[in-house]
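Report on one structure; see the data block that follows.
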Amino acid sequence: MTLTKKLLAEGHDLTVIDIKQHILDIIVERFDVMALEGNCASMDVLAQADIKNADLFIAVTGLDEINLLSCMTAHKMNPELHTIARIRNPEYSNQVYEMRDIFGLSMTVNPERQAAIEIDRLLKYPGFVKRDTFAKGRVEIVELRVDDESKLCNVSLMNLGDIIKCKVLVCAVSRNGSVVTPDGNFVLQSGDRLFVTAPANNLATLLRNLGLLKHKAKNVLLCGGGRVSFYLAQLLEKSGVNVQLIENNRARCIDLANQLPGVNVIQGDASSTFVLDQEGIGSCDALVSMTGLDEMNMIISIYGQKCKVPQIITKVDHTDNSSIQDSLPLGSVVCPKELCCNNIVRYMRAMQNKTGAALTVHAIADGQAEALEFFVDEQTLHCGEPLKQLKIRKNVLIACIMHGMQTIIPNGDSTFVRGNRIIVVSSQNVMIHQINDIFEA
C-alpha cells in the first residue's frame, strides 16, 4: 500500500499483481491502478500484465525466492526491463550480489537492514530524533523536537543564532500535523518538530548549546528478535556496544544466540514490566522496541520513557497513525517500509532523468516534505546568479550549497556554479524530478 501510494504520487501508471483477490479489491478501491490476480512469477500472468511494454518491475512479495524468480522471468521476457527485488533473508545477501546478472536484477532492497542501519546511526549520534545524510556525510538534515523545557521554546528564528552559536537553516517546521517553511519571524512553540540543515561539523555545536549532547550508548536493550534486531545487533556488536536482546520465542532465541555469540539473548516477554525491570531497563543507555506489533512497541517505549531511558527508538510498520505517534513519547520512530519505498522512488527518478536527477532523496516530516540533493551541471539554469534574483517555485527552498569541501548555508547573495551540489527542500505538493524543476517556468 505504501509503495503504491508513493509511486502514484510520482505520476506513474501501475499494474498490481497479487494472488489474493481481496487484497487487490482493497487496492483498487483506494487507488487508480490496474489489478491482476495471479502468480507474479508466472510467464502467463506477466504476459497478461503486458510486461514487454513495462519500464520497471518491482517484486515485493513475502518470499525472497518468489521475488528472485519473478525478476528473472520478467527480465527474460523484456531484456530492457529494470527490476527491483525485496530480499530479506541474510543467507541470500552474498549470492544475490554475485548472481545479480543471472537473476536480471537492477537493484535489491532490504527494509529490515535499512532500518537497522538507520537505528545504528541514531544510536551513534544521540540527541536527534532523525538524521538524513547528503554529500557523502558532509551535510545532514536533522529532526529536533521542542518541549516546554527546551531552550528554543518561544524563540523566534531570527534569534536562533544567539542560542545555538552556529549557522544552521530551519528548512521546515511541523506543527499540529501541518508543515510550514518558516521565515525569521516564526516563533517556535512546545510540540514543534524542527527540520534543520547544517554542515556535519556544526551538529555537535548545535546539540551542545541546546543542552542535548549525550554520550553514545554503551548498553543497549533490544526488544524483539526479528530481522531488524538481528541486523542491528550485528552492527552494534562490531562497534563494541553491550547488547541485550529480549525475544519470547524459544526457538528464535536459540537461533539468535548461535548467530550472535557476543549478544546476551534473553527469552522473555518484552511487554512485561517485570522482565524489562529484571533486565535493567532503568540502567541502559538506549532502548529499541522492535517487536512485530506497533502497539506493543509503543507501550514498551512509553514505559522506557517512564524509566528515564536516555535514548528511545521505536520501530513501526504502519505510518497511517503518525499524528497519534507524534503525541506519544516514542523517541525516534523508524519505519522500514518508508525507508524501502524512498529508495525505490529515488531509483525510479534516476531512471527517468539521467541528466539532472536527484542524487539523494529523503522524505521528511512524515512524508509531507522532501529533501533532495542535486549536482549542478552544464544543463542547470541560473548558474552564478544570486539566489535573491531567482524565481524559485513556491514551497521550494534551497537549503544548502556545497562548493568542493566548503558547505554554505545560503542567503540571498549566495550563488551556485557548475560542479556544486545543492540540497533542496520542497513540500509534498511540488513534484521535483530534476534540478531545473525548482525554478518557475
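Remarks
- Considering region 331-343, and only residues there that are touching a strand residue (DSSP E or B) at 6+ places or on another chain (Cβ under 6 Å) and under 19 Å from Glu112 (Cβ atoms), the residue that is surrounded by the fewest Cβ atoms within 10 Å (Cβ to Cβ) turns out to be Asn343.
- Given (1) touching a Pro at 6+ places or on another chain (Cβ under 9 Å); (2) in the same structural domain as Val228 (by TED's automatic domain parsing); (3) crowded, with 23+ Cβ neighbours inside 10 Å, number of the condition Met290 does not satisfy: (1)
- Long-range neighbours under 6 Å by Cβ, at least six apart or interchain, first residue touching a residue at least 60 places away in the same chain (Cβ under 8 Å) and more than 26 Å from Gly404 (Cα to Cα) within region 124-146, second aliphatic (A, V, I, L, M) and surrounded by 20 or more Cβ atoms within 10 Å (Cβ to Cβ): Phe128/Val142; Leu144/Leu194
- Test: Leu339 is in a loop (DSSP other than H, G, I, E, B), over 19 Å from Phe439 (Cα atoms) and outside the structural domain of Asp132 (by TED's automatic domain parsing): no
- Some residue of region 130-140 being under 18 Å from Asp366 (Cβ atoms), among the β-branched types (Val, Ile, Thr) and buried (at least 17 other Cβ atoms within 10 Å of the Cβ): no
- Count - residues of region 391-407 that are closer than 20 Å to Asp132 by Cα, assigned to a strand (DSSP E or B) and either modelled with pLDDT of 90 or more or not β-branched (Val, Ile, Thr) (or both): 9
- Just one residue in the set Leu210, Leu276 is aliphatic (A, V, I, L, M) and touching a Lys or Arg at 6+ places or on another chain (Cβ under 6 Å); that residue is Leu210.
- Check on Ile401, buried (at least 19 other Cβ atoms within 10 Å of the Cβ) and over 29 Å from Val333 (Cβ atoms): yes
- Test: residue in region 210-232 that is in contact with a strand residue (DSSP E or B) (Cβ under 6 Å, 6 or more places away or on another chain) and without any contact (Cβ under 8 Å) to a residue 40 or more places away in the chain: no
- Whichever residue in region 141-150 is of a type outside the set (Val, Ile, Thr) and either within 27 Å of Glu118 (Cα to Cα) or not assigned by TED's automatic domain parsing to the domain that holds Ala198 (or both) and, among such residues, is surrounded by the fewest Cβ atoms within 10 Å (Cβ to Cβ): Asp147
- Any pair with Cβ under 7 angstrom, 6 or more apart, that starts in region 394-417 at a residue that is touching a residue at least 12 places away in the same chain (Cβ under 8 Å) and ends at one that is of a type in the set (D, E, K, R): Met402/Arg138; Met402/Arg421; Thr407/Arg138; Ile409/Lys167; Gly412/Lys388; Asp413/Lys388; Thr415/Glu385
- Each residue in region 5-31 was checked for being out of contact with any Cys (no Cβ under 7 Å at 6 or more places or on another chain) and modelled with pLDDT under 90, and 7 of them qualify.
- In summary, Thr291 fulfils each of the numbered conditions (1) part of a loop (DSSP other than H, G, I, E, B); (2) at pLDDT below 95; (3) not charged (D, E, K, R) with the single exception of condition (2).
- The condition (being outside the structural domain of Gly137 (by TED's automatic domain parsing), closer than 17 Å to Glu10 by Cβ and either in a loop (DSSP other than H, G, I, E, B) or of a type in the set (Val, Ile, Thr) (or both)) is satisfied by just one residue among Val424, Val417: Val424.
- Residue list for region 249-286, restricted to those being of a type outside the set (Gly, Ala, Ser), surrounded by 17 or more Cβ atoms within 10 Å (Cβ to Cβ) and either modelled with pLDDT under 95 or within 29 Å of the chain's Cα centre (by Cα) (or both): Arg252, Cys253, Leu256, Leu260, Val263, Val265, Leu276, Glu279, Ile281, Cys284, Asp285
- Count - residues of region 78-103 that are crowded, with 16+ Cβ neighbours inside 10 Å and farther than 29 Å from Gly226 by Cβ: 3
- In region 1-111, counting only strands (runs of 3 or more DSSP E) that sit wholly within it, the ones holding 1 or more residues that are closer than 30 Å to Glu370 by Cα and touching a Leu at 6+ places or on another chain (Cβ under 8 Å) span 15-18, 34-37, 56-59, 82-86.
Listed here are the residues, each with its yes/no results for (1) aliphatic (A, V, I, L, M); (2) under 23 Å from Asp183 (Cα atoms); (3) surrounded by 21 or more Cβ atoms within 10 Å (Cβ to Cβ).
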{"site": "Phe374", "(1), (2), (3)": "no, no, yes"}
{"site": "Lys388", "(1), (2), (3)": "no, yes, no"}
{"site": "Pro410", "(1), (2), (3)": "no, yes, no"}
{"site": "Arg421", "(1), (2), (3)": "no, no, yes"}
{"site": "Asn436", "(1), (2), (3)": "no, no, no"}
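- Scanning region 61-73 for residues that are in contact with a Cys (Cβ under 8 Å, 6 or more places away or on another chain) and buried (at least 19 other Cβ atoms within 10 Å of the Cβ) yields a single hit, Ser70.
- Unmet requirement for Leu222, which otherwise passes all of (1) surrounded by 16 or more Cβ atoms within 10 Å (Cβ to Cβ); (2) closer than 30 Å to Leu260 by Cβ; (3) in contact with a Phe, Trp or Tyr (Cβ under 9 Å, 6 or more places away or on another chain): (3)
The values are calculated or read from the model by the stated rules, or taken from the named source; none is laboratory data. None of the values given here were measured: they were computed from a predicted structure. FYI the Cβ positions are ideal-geometry reconstructions off the backbone, even for glycines, and counts take in every protein chain you see.
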